[in-house]
Amino acid sequence: MADIGSTASALAMTAASVIYPDGLSPVTGSVTGTQTIVRRGWPTQPDFSGACGMAKGIDLVSVMPIGGAFRPLSEPLGWPWETISQTAATVTLAADGDTLTVVITSSAIPSGVVGATLTAMPGSVVQPNVAISYVVQSTDTADTIAAALAGQIPGAYSSGASVTFPGVSSIAPVTGGTATARRVVRRQRQMFSVSVWSISWQRRDALGLALDAGLAGTNWIANMDGTASQIVGAGAIEVDGGQNQGIYRRDLRYWLEFDTVQTMTAPQMMFGIGMSRVVAEAGVVLQPFGQTAPIAGIATDSNGDILIDAGGNLIGQVQQPYAGLFVNSGGYVLQDGSGNLAGDPA
């Protein structure tokens, strides 16, 4: 997650790439030909008089956030989650009649989520259209996964990597991987100072010019968490307070816009389940979509779908003088949601 510290580190690394365009070796390969230290944080005494200090002819570039220079920005409304990467399951399932077999990809670490929808025979102890699932652990084997699936259905048993479900006519296996998702919970703009320190005003000017030109051509810098920060120049100043000690300084200021994000790992969707909202005269009725809800006294068509009149109301099983058609309490013939007459399938 990007914060003020990781963003400062990213800015320091970007500044180092400008000063050392060919890499950090040799140490004198900077744009000024002088060894230069680039890092976060305000200079300390060793930076001035230490073995690697300015007194030894070494220049310093420090990166620091400026206090009080923070502005919140508008972030995505509702903080929506976004999938940024996916990892496929390494475990697969094969169905044959009432038997399910677990297969793990050769030499792969077991991962993913496995499951199946079972279609029960009439009179079976297994519930109709029941679904089972199991989150695979890295320590699992095909045998342990099979045993975990068998333990979810009464009467089911496993033998090695296979599971048998007595009383089941068909099995629809399904597997899913995992996904990494993130969301933006705050967006902000923070000003940073990239400060050049040297005992030579000529090297101070050379470093300042190189950084100014190099960062001016940079619109985005990469953060440690895979996101990016937008960088915008905010001017420069020269500070004379240290010149009595023979230290020359220039501050280059930049606005950095970056996001504070949350990440999570979640399994991919395996089964389509949910509820539909039906408004009836008696109130709101919830029913699983794709299935017939057991609502007593409500009319259904030949497919088992609940009928709704043109006004969006549930059609009750009340018949008036019109044989084979449903009417309301006023005696008017009702229509379903498609405009067809609502007939009694019986």
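The values are calculated or read from the model by the stated rules, or taken from the named source; none is laboratory data. Remember, predicted model here, so these are calculated numbers, not experimental data. Here the Cβ is made from the backbone with ideal geometry for all residues, glycine too, and neighbour counts use every protein chain on show.
Please work out which residue is nearest to the chain's Cα centre (by Cα), limiting yourself to the range 129-141 and to residues that are surrounded by 15 or more Cβ atoms within 10 Å (Cβ to Cβ) and not in a strand (DSSP E or B). Here the answer is Val136.
Out of the residues in the range 146-188 meeting the condition of being of a type in the set (S, T, N, Q), free of Cβ contacts under 8 Å to residues at least 24 places away in the same chain and surrounded by 15 or more Cβ atoms within 10 Å (Cβ to Cβ), tell me which one is nearest to Val102 (Cα to Cα). Within the range 146-188, the match that is nearest to Val102 (Cα to Cα) is Ser158. Identify the residue in the range 189-201 that is aromatic (Phe, Trp, Tyr) and over 36 Å from the mean Cα position of the chain (by Cα) and, among all such residues, is surrounded by the fewest Cβ atoms within 10 Å (Cβ to Cβ). Within the range 189-201, the match that is surrounded by the fewest Cβ atoms within 10 Å (Cβ to Cβ) is Trp201.
Kindly indicate whether any position in the range 100-114 is over 23 Å from Gly177 (Cβ atoms) and modelled with pLDDT of 90 or more.
no
Residues that are closer than 30 Å to Leu256 by Cα and of a type outside the set (Asp, Glu), at least 1 per element: which strands (runs of 3 or more DSSP E) completely within the range 12-122 meet that?
Working: elements: 36-40, 59-73, 82-87, 91-96, 99-104, 113-120.
Hits in the range 12-122: 36-40, 59-73, 82-87.
Got a sec? Which of Ala210, Ala216 is small (Gly, Ala, Ser), over 36 Å from the mean Cα position of the chain (by Cα) and in the same structural domain as Tyr254 (by TED's automatic domain parsing)? Outline the logic, then answer.
Numbers: Ala216 fails: over 36 Å from the mean Cα position of the chain (by Cα).
None of the other options fit; the residue is Ala210.
Of the residues in the range 192-241, how many are touching a helix residue (DSSP H, G or I) at 6+ places or on another chain (Cβ under 9 Å), in a helix (DSSP H, G or I) and more than 20 Å from Thr7 (Cβ to Cβ)? Total meeting the criteria: 4.
Hey, any hits in the range 106-114 for a residue that's touching a residue at least 60 places away in the same chain (Cβ under 8 Å) and in contact with a helix residue (DSSP H, G or I) (Cβ under 7 Å, 6 or more places away or on another chain)? First the steps, then the outcome.
Within the range 106-114, the first condition is being touching a residue at least 60 places away in the same chain (Cβ under 8 Å), and the residues that meet it are 111-114.
Applying the additional criterion that residues be in contact with a helix residue (DSSP H, G or I) (Cβ under 7 Å, 6 or more places away or on another chain) yields 114.
There is at least one residue in the range 106-114 that is touching a residue at least 60 places away in the same chain (Cβ under 8 Å) and in contact with a helix residue (DSSP H, G or I) (Cβ under 7 Å, 6 or more places away or on another chain).
Restricting to the range 8-50, count the residues that are modelled with pLDDT of 85 or more, touching a strand residue (DSSP E or B) at 6+ places or on another chain (Cβ under 6 Å) and of a type in the set (D, E, K, R). Residues that pass the stated criteria total 1.
Taking the range 142-167, which residues are outside any loop (DSSP other than H, G, I, E, B) and either at pLDDT below 90 or aromatic (Phe, Trp, Tyr) (or both)?
Step one: list which residues in the range 142-167 are outside any loop (DSSP other than H, G, I, E, B), which gives 142-150, 157-159, 162-164.
Tyr157 - this is the single residue of the range 142-167 that is outside any loop (DSSP other than H, G, I, E, B) and either at pLDDT below 90 or aromatic (Phe, Trp, Tyr) (or both).
Restricting to the range 64-82, name every residue that is under 25 Å from Leu11 (Cα atoms) and either of a type in the set (Val, Ile, Thr) or loosely packed, with under 12 Cβ neighbours inside 10 Å (or both).
Taking the range 64-82 first, the residues under 25 Å from Leu11 (Cα atoms) are 64-76.
Matches in the range 64-82: Ile66, Gly67, Gly68, Arg71, Pro72, Leu73, Ser74.
Would it be correct to say that Val126 is surrounded by 12 or more Cβ atoms within 10 Å (Cβ to Cβ), modelled with pLDDT under 90 and either within 21 Å of Ala172 (Cα to Cα) or outside the structural domain of Val38 (by TED's automatic domain parsing) (or both)?
Numbers: surrounded by 12 or more Cβ atoms within 10 Å (Cβ to Cβ): yes; modelled with pLDDT under 90: yes; either within 21 Å of Ala172 (Cα to Cα) or outside the structural domain of Val38 (by TED's automatic domain parsing) (or both): yes.
So Val126 fits the description; yes.
Only a single item in (1) modelled with pLDDT of 90 or more; (2) surrounded by 18 or more Cβ atoms within 10 Å (Cβ to Cβ) is not met by Ala236, and it is number (2). On the basis of being surrounded by fewer than 19 Cβ atoms within 10 Å (Cβ to Cβ), small (Gly, Ala, Ser) and modelled with pLDDT of 90 or more, does Gly217 make the cut? The answer is no for Gly217. Assess whether Arg189 counts as being outside the structural domain of Leu118 (by TED's automatic domain parsing), of a type in the set (Lys, Arg), out of contact with any Leu (no Cβ under 8 Å at 6 or more places or on another chain) and outside any loop (DSSP other than H, G, I, E, B). So Arg189 does not fit the description; no.
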